[in-house]
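Each value in this text was obtained by applying a stated rule to the coordinates, not by laboratory testing. Treat the numbers as computed from the prediction; the structure is a model and nothing was measured. Glycine also receives a Cβ, built like all others from the backbone with ideal geometry; neighbour counts cover every protein chain displayed.
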Amino acid sequence: MSAETENELLELSQRLLDSIDEQDWSTYIELCDPTLTAYEPEAVGQLVEGMPFHEFYFKLPGSGRPKQSSIAAPRVRLMGNVAVVTYVRLVQRIDGDGHVGTAGHEETRVWQQQDGNWRHVHFHRSKCGDVQL
C-alpha cells in the first residue's frame, strides 16, 4: 500500500470523526454508504444497519457541547478495494457543568472504494476508558 493511500484513509477517518464531533450530518452521509453497518455501545450488542439510528444522535438537542476527537496508534490494512482502519479514538469534551474529560474508544472502520471514492461501510466501536479532570 502506498503512503498516499494510507494518508488518504487516515484523513477520511479524521474527517468522519470531525463530522460526528461537529454534528455535521451532511458530511457524515457524504462519507458513509447508505447501507452502513455498525456495532457500537449505543446499539447494546445489536448490529445496526442503515443511517436512521445514527441520524438520531446528530439531531439531539444540547449535544453540541465542545468536543474533539484524536486518532491514536492508527493502523491501515488494504485488501483490494477494501481498507480496514483501526485506532484508539480519544474524545476530549466539556460536560454541562464545565468539567473537562477524555474518553477512549477502540474503533475499527471499514472503507470500500466505490466509483473511485472511499465510502465508510462498517464500524465497530468499544469503550476503553474515561478520565474526568
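For every other residue with a beta carbon closer than 14 angstrom to the beta carbon of MET1, add +1 if it is Lys or Arg and -1 if Asp or Glu, then tell me the sum.
Net charge in that neighbourhood comes out at -1.
Cα axis of helix 3-21 to longest principal axis of the chain: angle in degrees, 0 to 90, nearest 10?
For 3-21 against the chain, the angle is about 30 degrees.
Using alpha carbon centroids, what distance separates segment 1-29 and segment 50-120, in Å?
One Cα centre to the other: 8 Å.
I want the local charge near VAL91. Using Cβ-Cβ distances under 9 Å, sum +1 for each Lys or Arg and -1 for each Asp or Glu among the other residues.
Local net charge: +2.
Below 8 Å, C-alpha to C-alpha, sequence gap of six or more: please give me the relative contact order for segment 3-132 in percent.
24
Highest mean first, how do 40-52, 84-96 rank when packing is the count of other Cβ atoms within 10 Å averaged over residues?
84-96, 40-52
For the chain, what is the percent of antiparallel DSSP beta bridges, rounded to the nearest 5?
90
Distance in nm between label sites at VAL88 and LEU10, each 7 Å beyond Cα in the beta-carbon direction?
1.7
Let me know the charge dipole size of segment 32-133 about its Cα centre in debye, to the nearest 20, where only the beta-carbon of Lys, Arg (+1) and Asp, Glu (-1) is charged.
Dipole size: approximately 280 debye.
Run the quick spin-label model on GLU22 and SER2: label points 7 Å from Cα toward the beta carbon, then report their separation in nm to one decimal.
So the label points at GLU22 and SER2 sit 2.7 nm apart.
Would you list ASP130, ASP18 from fewest to most Cβ contacts within 10 Å?
Fewest-to-most Cβ neighbours within 10 Å comes out as ASP130, ASP18.
Just name one of GLY45, GLN23, PHE56: the one whose Cα is farthest towards the positive end of the charge dipole of segment 18-58 (beta-carbon charges, Lys/Arg +1, Asp/Glu -1).
Towards the positive end, the residue furthest out is GLY45.
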